[in-house]
Each structure stands twice: as C-alpha cells, then as structure tokens.
Amino acid sequence: MKEYKLKINGNDYAVSINEVDDNVAEVEVNGTPFKVEFEKPITKKTVTTVISKPAPKAAGAAPAATVSKPAAASGAGETVTSPLPGVILEVSVKVGDAVKKGQKVMVLEAMKMENVIEATADGTVTAIKVDKGDSVLEGAPLVIIG
C-alpha cells in the first residue's frame with residue numbers, strides 16, 4: 001500500500017493506493033474507498049537491485065542523497081535528489097547560498113524519521129525545486145548546485 005498527502009485546489013487529501021490489478025486501482029481518499037479505472041492496463045516495472053557493500057556509517061544515518069548530472073544542454077550543475085519518499089520539513093538554504101559538500105541543505109521526514117539531506121558538491125545553490133511541506137518521491141530533484 002502506498003500513501004500520499006496531496007493538496008488539490010487548496011484542499012488536503014490523504015490518498016492510499018491499496019491494490020492495482022490491470023487497469024483498476026482500489027484507492028482510499030480521506031477514508032472513502034474508490035475504484036479507479038485507467039484507460040490502459042498498468043504495466044509493472046521490473047526493478048533490478050545491485051547490492052554492494054557500503055562504506056561504514058554512523059548508526060541511524062540517513063541514506064545518502066544521489067547525484068545526477070543534467071544534460072550538457074541544460075547547463076552545468078549537480079542535482080541533489082531525494083533518497084526516499086517523504087515530506088520536506090525544512091529547507092536550510094536559499095538560491096545564491098554557497099554550500100560545501102556534506103552541508104545540510106534540507107530535512108526530509110520519511111518513515112517517521114527525520115533525514116538530513118546534504119549537499120553533494122561544493123558550489124552555489126542555483127535552484128530549489130521543493131518547498132517546506134511538499135511531498136516528494138524517491139529520486140525527485142530537491143536542490144541544484146552550480
């Protein structure tokens with residue numbers, strides 16, 4: 001079951017996706033069950049997991065944020081992405097701030113834990129893609145460092 005907090009036209013909704021079978025999904029919106037029908041059947045993604053031994057880290061440390069480099073046409077910079085789905089509790093930087101690798105840029109609440117999201121490179125914050133209170137998915141862009 002996946003749970004989302006959505007804001008639509010200023011109204012808050014708690015949405016749970018319980019089961020998806022071909023082109024029908026069983027969902028709950030603010031506790032009210034619905035069956036949602038899609039035009040086309042939903043294809044399930046196949047995920048391949050590569051397991052490697054990570055470097056030792058302190059107990060309770062958050063998963064490391066990932067870095068993706070944008071295409072050359074979009075300009076220089078590194079994108080700090082969300083390591084897991086959650087809600088942004090705090091944005092610690094603003095556009096134009098100089099940051100160092102490892103510096104806290106925001107706090108993400110995921111699975112009832114606060115995770116510090118750190119800068120992945122030295123540079124200047126060129127864009128912030130989320131605001132406090134936003135729900136984000138794993139891999140969502142959070143901050144761009146140029």
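Summing charges over neighbours of GLY146, with a neighbour being any other residue whose Cβ is under 11 Å away from its Cβ, gives -2 when K and R count +1 and D and E count -1. The packing ranking, built from the mean of other Cβ atoms within 10 Å per residue, places the peptides 32-38, 19-25, 100-106 in the order 100-106, 19-25, 32-38, highest first.
No value in this document is a laboratory result; all are computed from the given coordinates. Predicted model only: the values in this text are computed from it and were never measured. Positions of Cβ are generated from backbone atoms using ideal geometry, with glycine treated the same way; all protein chains shown enter the neighbour counts.
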